[in-house]
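Taking it in order: structure first as structure tokens, then the write-up.
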Amino acid sequence: MAMDLVKDARKRQLIAAHRGVQGGNIPGNTIAAFDAALMQGADLLEMDITRSLDGTLYVFHPGMEHVYLKSEKRIDGMYDSEIAEQRFYNVDGTKTQYRVNRLDEVLSHLKGKCYINLDKYWEHVAPIMEVVRRAGVMDQIVAKAPFSETVIREVEQFAPDINFMLMLYEKDEWSDWMLKRNLHYVGAEVIFKSDASEFATGKYIKSMHDKGLLVWANAIVYNYKTILAGGHNDDVSLSHSPELGWGWLLDHGYDIIQTDWPLALQMFKSGRG
């Protein structure tokens, strides 16, 4: 049976795990991290995509090689043979047994298990869709991109049937326009600095729901100086008050909440009934 993102998210707010769950010896953006996230109740897995000099797609956050692989050379500057020799390092800076996974093997492993958000999708639309279609996971994919007419045209050409969301900053000028395009527009990832933003209001979220669209909010903190959801984030939820963090996002009606702590968010949701 085909998966239906909009129906599922409107039925119950979905938990998106940022790069799976990383911790201890398990690095993010690996099959082990994705399995850990599913075990902890994630509905959707976010992963980053990059491409080698051979044209092979890998699951890795480009530009973070010096952190996770202790390499000053980027994946997109390596050949497949070089990437095969790379190993992730854990939170203590110790080399692990985990290698950089190809996108095709990750998609094959996750087939039928969950929704999959491919970050950096807009950089390789056509080749990513070739891998997605070979894997037969079209209904599981959630693709997102900042607004770009070039990218929109690529999505219309190569992925008109894939769940697609715009990444919007502080205001929404494009959703009505997107609904007229030849693609499967399902909503927006909204990024806002304060509760004064239109994205922080029930009115905006209701207007999106009235159009049959979803709203995605980010509780993650990848840089404490960069505010993604008005400060209602994982750090606040875990160290101060989950009601001011996750609770605020749930109560405002965001359909998908991205977190680095899916188990804690799942437990909080369950505890609230």
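Within the range 241-252, track down each residue that is hydrophobic (A, V, I, L, M, F, W, C) and either surrounded by fewer than 24 Cβ atoms within 10 Å (Cβ to Cβ) or more than 21 Å from LEU38 (Cα to Cα) (or both).
LEU244, TRP248, LEU249, LEU250
Write out, first by first residue and then by second, each pair whose Cβ atoms fall under 7 Å of each other, whose residues are 6+ apart or on separate chains, and whose first residue, in the range 219-242, is under 19 Å from GLY28 (Cα atoms) and in a loop (DSSP other than H, G, I, E, B) while the second is acidic (Asp, Glu) and open to solvent by less than 20 Å² (accessible area, probe 1.4 Å).
Taking only residues 6 or more apart or on different chains, the pairs are ALA219/ASP234; ILE220/ASP234; VAL221/ASP234.
Which residue out of GLU123, GLU130, GLU85 is modelled with pLDDT under 95 and not hydrophobic (A, V, I, L, M, F, W, C)?
After ruling out the rest, the residue left standing is GLU123.
Does ILE49 qualify as being crowded, with 20+ Cβ neighbours inside 10 Å, of a type outside the set (S, T, N, Q) and in contact with a His (Cβ under 9 Å, 6 or more places away or on another chain)?
Yes: the conditions hold for ILE49.
Checking TRP122 against (1) of a type in the set (Phe, Trp, Tyr); (2) more than 25 Å from ILE15 (Cα to Cα); (3) open to solvent by 60 Å² or more (accessible area, probe 1.4 Å), only one condition comes out false. Which one?
It fails just one condition, (2).
Go through the residues of the range 159-172 one by one and say whether even a single one is more than 28 Å from HIS232 (Cβ to Cβ) and basic (Lys, Arg). Step through it out loud before you land on a result.
Quick first cut of the range 159-172, residues more than 28 Å from HIS232 (Cβ to Cβ) only: 159-162.
If we keep only those that are basic (Lys, Arg) too, we end up with none.
No, that holds for no residue.
Look at the range 50-105 and say how many of its residues are hydrophobic (A, V, I, L, M, F, W, C) and touching a Phe, Trp or Tyr at 6+ places or on another chain (Cβ under 7 Å).
Counting residues in the range 50-105 that are hydrophobic (A, V, I, L, M, F, W, C) and touching a Phe, Trp or Tyr at 6+ places or on another chain (Cβ under 7 Å) gives 7.
Any residue in the range 75-84 that is hydroxyl-bearing (Ser, Thr, Tyr) and either open to solvent by 10 Å² or more (accessible area, probe 1.4 Å) or over 22 Å from VAL131 (Cβ atoms) (or both)?
The answer is yes; a qualifying residue exists.
For a quick check of your reading: which helices (runs of 4 or more DSSP H) sit entirely within the range 59-113 and have at least 2 residues that are touching a residue at least 40 places away in the same chain (Cβ under 8 Å)?
103-110
Collect the residues in the range 7-41 that are under 28 Å from ALA126 (Cβ atoms), outside any helix (DSSP H, G or I) and not charged (D, E, K, R), keeping them in residue-number order.
Those that are under 28 Å from ALA126 (Cβ atoms), outside any helix (DSSP H, G or I) and not charged (D, E, K, R): LEU14, ALA16, ALA17, HIS18, GLY20, GLY28, ASN29, THR30.
Suppose we filter TYR98, TYR89 for residues that are crowded, with 16+ Cβ neighbours inside 10 Å, over 22 Å from ASP8 (Cβ atoms), touching a Leu at 6+ places or on another chain (Cβ under 8 Å) and not hydrophobic (A, V, I, L, M, F, W, C); which single one remains?
On inspection, the qualifying residue turns out to be TYR89.
Considering only residues that are open to solvent by 30 Å² or more (accessible area, probe 1.4 Å) and touching a helix residue (DSSP H, G or I) at 6+ places or on another chain (Cβ under 6 Å), look in the range 253-267 and name the one that is nearest to GLY28 (Cα to Cα).
Out of the qualifying residues, it is ASP260.
Being small (Gly, Ala, Ser) and open to solvent by 30 Å² or more (accessible area, probe 1.4 Å), is that true of even one residue in the range 104-114?
Yes, that holds for at least one residue.
Going through TYR98, TYR58, TYR79, TYR89 one at a time, which residue ends up being under 21 Å from ALA143 (Cβ atoms) and hydroxyl-bearing (Ser, Thr, Tyr)?
TYR58
Do we find that GLN140 is farther than 20 Å from ASP35 by Cα and polar (S, T, N, Q) in this structure?
So GLN140 fails the test.
The values are calculated or read from the model by the stated rules, or taken from the named source; none is laboratory data. Treat the numbers as computed from the prediction; the structure is a model and nothing was measured. Ideal geometry is used to build each Cβ from the backbone, glycine not excepted, and the neighbour counts take in all protein chains shown. The accessibility values were calculated without ligands, DNA or RNA, using every heavy atom of the protein model including side chains. Shrake-Rupley method; radii C 1.70, N 1.55, O 1.52, S 1.80 Å.
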